[in-house]
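Have a look at the structure below, then the notes.
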Amino acid sequence: GSFQLEDFAGWIGGAASVIVGHPLDTVKTRLQAGVGYGNTLSCIRTVYRRESVFGFFKGMSFPLASIAVYNSVVFGVFSNTQRFLSQHRCREPEASPPHTLSDLLLASMVAGVVSVGLGGPVDLIKIRLQMQTQPFRDGGEHRVTPVFPHLCM
């Protein structure tokens, strides 16, 4: 019944991976878009010069906010699928048989489908935000480019 930090390990690990990996993901996304960056180092210098260090973290808020839900759903689907397969293979609900390789494979496939279904929309929003190359400004009038311009008609 007491508070356990281990219960939040999935969220903490997921958040750490987003924070550490997002700047590199931003560079990769910009390079893949072929916007005229010559190479990786050129892309890093250009992003930093035009947008400051904050340019590397564009689009990070949505993946960071959703990582806890994403991890809990994907790992929950995996473990529940594995448990379901084990119980139906053994036909004894109270027995806890060892997991077979086929159980692991099928549970991983089901979790993968769920992962793609949840991760696709998150990645779409993240990439659209990463591709907004306007520099951050202090004060004054701001022109905001919509993430989904076709919805703003």
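Modelling each spin label as a point 7 Å along the Cα-to-Cβ direction, I'd like the ILE19/LEU41 distance in nm, to one decimal.
Here the answer is 3.0 nm between the modelled labels.
Taking the Cβ of VAL122 as the centre, find all other residues whose Cβ is under 13 Å away and add up their charges (Lys, Arg: +1; Asp, Glu: -1).
Within the 13 Å Cβ shell, the charges total 0.
So, how do all the Cα-to-Cα distances of segment 7-89 break down into 10 Å bins, in percent, from 0 on up?
The calculated distribution, bin by bin, is 16, 33, 23, 16, 8, 3.
Just how much of VAL114 is accessible, in Å², when a 1.4 Å probe is used and the result is rounded to the nearest 10?
40
Keeping every protein chain present and rolling a 1.4 Å probe, give me the accessible area per residue for segment 7-89 in Å².
Normalised by residue count, the accessible surface of segment 7-89 is 59 Å².
The values are calculated or read from the model by the stated rules, or taken from the named source; none is laboratory data. No experiment lies behind these values; they were computed from the predicted model shown. Cβ sites come from the backbone with ideal geometry, for glycine too, and all protein chains shown count toward neighbours. For the accessible areas, the whole protein counts, side chains as well, though only heavy atoms, and no ligand, DNA or RNA atoms are used. Shrake-Rupley method; radii C 1.70, N 1.55, O 1.52, S 1.80 Å.
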